[in-house]
Structure formats: C-alpha cells, structure tokens
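Heads up: the structure comes next, in structure tokens.
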Amino acid sequence: MMGSTENLVVEKSYRFSLMIIELYHYLTDEKREYVLSKQLLRCGTSIGANVNEAQAAISRNEFVAKVSIASKEARECKYWLSLLRDSGYIDEQREKTKKFFNEIDSLINITTKIVKTGQKNAK
C-alpha cells in the first residue's frame, strides 16, 4: 500500500514535527506565548502521527481516512502559523518562517494528492 509518495510524506511530516517542536520552544521561552503555540504544537505534530498510523492501515479506506486526518491537521497548522505570523509572534521576513510555510504547503499538497488518489483507486 505504501509507495514513494507515502515514504516522502512520512519523512517530511516527521521533520516538520521537529521544526514545530523547536518553534513551540521559541514561542513559549522567548515570546511567552502559550495558547496559539500549544494549538500549533498539537496539530503540527499530529500530521506525522496520523501519517505514521496510516502506514499500518488494514484497508485502503482506513489508509485514506488517516491521511485525510493528516491533511486536515496540516491545514489547521497553516492557520495557526498564519495567525502567529500576522500577529507578530513570528517574523514573516525570516527564512525560517518562509521554510515553515513552504513545508506546510508541501505537506498539504502531498496529503491531498494521496487522499484523492486513494479515493479514486477505491472506486
């Protein structure tokens, strides 16, 4: 059930989780921001958890459902990142901030593609 796109999303979502954890520490330690950062930590690490869980799916439908949850979590994560950027907690000019948005857009695109392909193949 796992192809090269799924391997890529497993690796990317894990690396992204590590980035999110680092950002969470920055936000809580340096900026003293605890509410938005906690939401970001939850959904940002949930992407990889759901992608990883999908790898053990016993059916195509279960696999698609788990990756679909990961896709929704990625979209939520982009929302929190946007709020943090637009409220001034993270600087939109910094390369790291740009990397967060590039990575989350990539994860959204990959998970959406996997879900759409999985749904099409299930028919």
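In a fully extended conformation the segment linking SER87 and ASN109 would gain 5.4 nm over its present Cα-Cα distance, using 0.36 nm per residue. So, in the chain, how many Lys pairs have Cα atoms under 15 Å apart, if the pair is 8 or more places apart or on different chains? So the count of such lysine pairs works out to 10. Annotation: extensible slack from ASN61 through PHE101 equals 11.5 nm (criterion: 0.36 nm per residue apart, minus Cα-Cα distance). The equivalent ellipsoid of the stretch 58-123 has semi-axes of 30, 10, 7 Å, largest first, where each one is the square root of 5 times an eigenvalue of the Cα gyration tensor. Quick one: check the C-alpha center-to-center distance for the stretch 6-45 versus the stretch 81-106, whole angstrom. Their Cα centres are 12 Å away from one another.
In this simple spin-label approximation, TYR79 and ARG32 carry label points 7 Å from Cα along the Cα→Cβ vector, and these lie 2.8 nm apart. Labels on offer are (1) 14, 48, 31, 7, 0; (2) 14, 46, 26, 12, 2, 0; (3) 11, 33, 23, 16, 10, 6, 2, 0, and the one holding P(r) over Cα pairs in 10 Å bins from 0, in percent computed from this structure is (2). Among LEU81, LEU18, LEU41, the order by Cβ neighbours within 10 angstrom, fewest to most, reads LEU18, LEU41, LEU81.
Throughout, read-outs are computed from the coordinates displayed, never taken from laboratory work. Just so it is clear, the structure is predicted and the values come from calculations on it, not from any experiment. Virtual Cβ from ideal backbone geometry, glycine too; neighbours counted across all protein chains shown.
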